[in-house]
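As structure tokens, the structure follows; a few thoughts come after it.
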Amino acid sequence: MDIHALKNIGKFVSVIGMALSLFFLTAVVVGWIYHEDMRNFLYFDLCLFGFNALIFLLLRRHTMKLSIKGGILSVNLIWILLGIAGAIPFVLYTGISPADAFFESVSGFTTTGATVFSDIESLPKSILYLRSLTHWLGGMGIIVLGVGLFSLINPSGSMALFKAESTGIKMEKITPKVKDTAIRLWGIYLLFTLVDAIALKLAGMTLFDAVNHAFSTISTGGFSTKNNSLGYYHSAWIIWITTFFMIISGINFLAHLKLFSTGKLDGYKREEVLWYLAIFIILSLILSSIDIFVDYDNYFHALTHSFFTIASVLTTTGFATLDYAQWGHIAISIIFIAMLVGGNAGSTAGGVKVIRYVVLFKNIAVQLKRTLHPNAIVGLFIDGQKISSQIISSTTGFIFLFVITNMLVTLYLFGRGFDAMTAISTALATVGNIGPGFSLTGPAENYAFFSGMDKMILSIAMIIGRLEFYTVFLLFSRSFWKKF
């Protein structure tokens, strides 16, 4: 790697670092409001800003232009550094180990929502807010924010970062400039957060809890300020409001952007969105039926908690109102299906994403037709557009990497002595950025019992899942480092 590439990466990382320190200042303000001693947090934040400002000033005259390789390396580096930066306040204010703090921080930024804290309500308000803030920043993607900042420094080359971190199979630009698209996406993200917070406040939450849960909901993260998550409130209004906002956050944000930019609903008529909504409704109704006819629950209670649970798992948010691990094997099977699906590409949700299943099953149908009719010319179409063989191969490769990564994490955990359900569900919960699994990591449990090494492995799994495999595994390719 030449010095020019290092300067590119260093300058970009410094911009992200300065932006992060400014966001962290809001946690200091929250601490002061609740009369907490924030001096150590403030000293840390000033050091974080000063260090990154120094790097930026040293490189201020350097013309930055990131290549695809530079963007990929920057993204990987930033997610590691985010985990470290976010971990330091946890160590300072809760006394947990560095491994625990790194796990909690990575879980926040990747919007996984797995926690090592047993008594969440005992944490300082500033730390509760910080946990939710990491969700909110990681939800849309700290890199999308960086694209906007990066474009102010150098208008060219911004797409390198979008390609490195965007969750969609194909990134569609609604506006001519990537910077404008990034800024508008953040505007919609902020609007949804504000509306959700206001709705939760009106439904009975305190302002502090409403803001924190709005951060966690719109980012599909799942951190709560209560030990029993949303089950603490015993409010159907709060549950249904959160269900609604989880579902819209699991939809491709470019569909929302198209609505706000043009007033058209075309984005919501795409096959991926329709399949996503259909899967949500079907799985929710099945789970409701199980609750009604097996557990003899009343209709409204069953519908409320079933729709909420499927929304939470499908969008990889991870909130809970009840311990759904106690609902029986059939119910657990339905929830497992939701865990495997995920939200839309281009949303804040994790998982495989619905569009990849659409591509996979349509490709299977195409191959069956070709087997029956060898001379027929059969193409794969989605939303009336022919899908290239490159996208089909990329989708197949992604699903293969998803399975392999889950298998490796599962084998590691099983080899460590954990039961099969814990190993399998924990792997899926971390790689898929879902949060709670089953058995020892169920919705009523936490991740505190894992060893420091376990937590580091699971932290890496969360980052790999958040960056959707290719971005991380490319670093192990010999060709990636050639002529960098």
Qualifying positions in the stretch 94-113 - over 23 Å from L77 (Cβ atoms) and either crowded, with 21+ Cβ neighbours inside 10 Å or basic (K, R) (or both): G113
For the list (1) in a loop (DSSP other than H, G, I, E, B); (2) crowded, with 19+ Cβ neighbours inside 10 Å, I need the number of the one condition that T242 fails. (1)
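Give the residues of the stretch 274-306 that are in contact (Cβ under 8 Å) with a residue 60 or more places away in the chain and not polar (S, T, N, Q), sorted by residue number. Write out each step before concluding.
Step one: filter the stretch 274-306 for residues in contact (Cβ under 8 Å) with a residue 60 or more places away in the chain, giving 275-276, 279, 300, 304-305.
Passing the criteria: W275, Y276, I279, F300, H305.
Here's the yes/no breakdown for (1) hydroxyl-bearing (S, T, Y); (2) in contact with an Asp or Glu (Cβ under 6 Å, 6 or more places away or on another chain); (3) at pLDDT 95 or above:
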| residue | (1), (2), (3) |
| --- | --- |
| H62 | no, no, no |
| L66 | no, no, no |
| V75 | no, yes, no |
| S107 | yes, no, yes |
May I ask you to verify whether Q385 is closer than 23 Å to L274 by Cβ, polar (S, T, N, Q) and surrounded by fewer than 21 Cβ atoms within 10 Å (Cβ to Cβ)? yes
Scanning the stretch 309-329 residue by residue, those more than 22 Å from the chain's Cα centre (by Cα) and part of a loop (DSSP other than H, G, I, E, B) turn out to be L322, D323, W327, G328
So L303, is it in a helix (DSSP H, G or I), at pLDDT 95 or above and farther than 22 Å from A429 by Cβ: no
Residues being among the charged types (D, E, K, R) and assigned to a helix (DSSP H, G or I): count how many of those fall in the stretch 330-385. 4
Could you list, ordered by first residue, the pairs with Cβ atoms under 9 Å in which the first is in the stretch 194-210 and under 17 Å from F319 (Cβ atoms) and at pLDDT 95 or above and the second is among the acidic types (D, E) and not in a loop (DSSP other than H, G, I, E, B), at least 6 apart or interchain? L200/D209; A210/D196
For the stretch 225-238, the count of residues that are buried (at least 22 other Cβ atoms within 10 Å of the Cβ) and touching a residue at least 40 places away in the same chain (Cβ under 8 Å) equals 3
Single residue of the stretch 390-406 satisfying the filter (surrounded by fewer than 12 Cβ atoms within 10 Å (Cβ to Cβ) and modelled with pLDDT of 85 or more) that is nearest to G432 (Cα to Cα): F400
Give all pairs with beta carbons closer than 8 Å in which a residue from the stretch 33-45 that is under 14 Å from F90 (Cα atoms) meets a residue that is at pLDDT 95 or above and not in a helix (DSSP H, G or I); count only pairs at least 6 apart in sequence or on separate chains. none
Residues of the stretch 64-117 being assigned to a loop (DSSP other than H, G, I, E, B), of a type in the set (G, A, S) and touching a Lys or Arg at 6+ places or on another chain (Cβ under 7 Å), which ones? none
Against the definition (basic (K, R) and either under 18 Å from L25 (Cβ atoms) or under 21 Å from the mean Cα position of the chain (by Cα) (or both)), how does R131 come out, yes or no? yes
Scanning the stretch 388-429 for residues that are in contact with a Leu (Cβ under 7 Å, 6 or more places away or on another chain) and in contact (Cβ under 8 Å) with a residue 40 or more places away in the chain gives T395, I399
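The values are calculated or read from the model by the stated rules, or taken from the named source; none is laboratory data. In this text the structure is predicted, and so the values were computed from the model without any measurement. Quick reminder, even Gly has a Cβ in these numbers, built from the backbone with ideal geometry, and neighbours come from all protein chains shown.
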